[in-house]
1. Being modelled with pLDDT under 95 and within 30 Å of residue 136 (Cβ to Cβ) is the requirement here; does residue 18 meet it?
2. When the residues of segment 123-147 are narrowed to those that are part of a helix (DSSP H, G or I) and in contact (Cβ under 8 Å) with a residue 24 or more places away in the chain, which ends up surrounded by the fewest Cβ atoms within 10 Å (Cβ to Cβ)?
3. Kindly indicate which of 98, 74, 37, 109 is assigned to a helix (DSSP H, G or I), touching a helix residue (DSSP H, G or I) at 6+ places or on another chain (Cβ under 7 Å), at pLDDT below 95 and within 20 Å of residue 8 (Cα to Cα).
4. Would you say residue 26 is without any contact (Cβ under 8 Å) to a residue 24 or more places away in the chain, surrounded by fewer than 18 Cβ atoms within 10 Å (Cβ to Cβ) and either touching a helix residue (DSSP H, G or I) at 6+ places or on another chain (Cβ under 8 Å) or outside the structural domain of residue 158 (by TED's automatic domain parsing) (or both)?
5. Taking the conditions exactly as written (closer than 20 Å to residue 165 by Cα, touching a residue at least 12 places away in the same chain (Cβ under 8 Å), touching a strand residue (DSSP E or B) at 6+ places or on another chain (Cβ under 8 Å) and assigned to a helix (DSSP H, G or I)), does residue 116 satisfy them or not?
């Protein structure tokens, strides 16, 4: 079973209901809490995957974990997933909901991976580049430091990627040298 399409269907239905009830921002906050909680707890992810734990026990555990922290609409949605035996999809649905929310609000996610932390000047340049490519939209910058890049940075804006890292250039050079165009004269 391909999880992404099913997760997007559930996320889309929750989003439509939240829009209809005027609770989009509240449900978005709930879904971020659910996604962060699932991402931060290996035990919770194992519980959701476990075929040994009965659905009613999973429902009680999820109620204890999220009870009072999420709104009634999100709590009811989690209950529906558990009743239908789709609790495994919960973190995926939360992630898909966040993506749909950003599309609805006109927010563009810019992921920047660099060898060292960005300074204010570099951050402003990346933001300006993203705003030039997507005028009139809000920019959500996510920064990550990866020393394995050696130097430079990689920028992903939606489906586009600009890779100006030293490790990428070295890989390109390795590939060029592996072609070995030299043919000795006999």
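The values are calculated or read from the model by the stated rules, or taken from the named source; none is laboratory data. Predicted model only: the values in this text are computed from it and were never measured. Neighbour counts run over all protein chains shown; Cβ positions are idealised from the backbone, glycine included.
1. Values: modelled with pLDDT under 95: no; within 30 Å of residue 136 (Cβ to Cβ): yes.
For residue 18, the condition - modelled with pLDDT under 95 and within 30 Å of residue 136 (Cβ to Cβ) - is not met.
2. Quick first cut of segment 123-147, residues part of a helix (DSSP H, G or I) only: 123-133, 147.
Subsequent filtering for residues that are in contact (Cβ under 8 Å) with a residue 24 or more places away in the chain retains 126, 129-130, 133, 147.
On the way: 126: 21, 129: 15, 130: 21, 133: 14, 147: 9.
In this case the residue turns out to be 147.
3. On the way: 74 fails: at pLDDT below 95; 37 fails: at pLDDT below 95; 109 fails: assigned to a helix (DSSP H, G or I).
So the residue among 98, 74, 37, 109 that is assigned to a helix (DSSP H, G or I), touching a helix residue (DSSP H, G or I) at 6+ places or on another chain (Cβ under 7 Å), at pLDDT below 95 and within 20 Å of residue 8 (Cα to Cα) is 98.
4. No.
5. Details: closer than 20 Å to residue 165 by Cα: yes; touching a residue at least 12 places away in the same chain (Cβ under 8 Å): yes; touching a strand residue (DSSP E or B) at 6+ places or on another chain (Cβ under 8 Å): yes; assigned to a helix (DSSP H, G or I): no.
Against the criterion (closer than 20 Å to residue 165 by Cα, touching a residue at least 12 places away in the same chain (Cβ under 8 Å), touching a strand residue (DSSP E or B) at 6+ places or on another chain (Cβ under 8 Å) and assigned to a helix (DSSP H, G or I)), residue 116 does not qualify.
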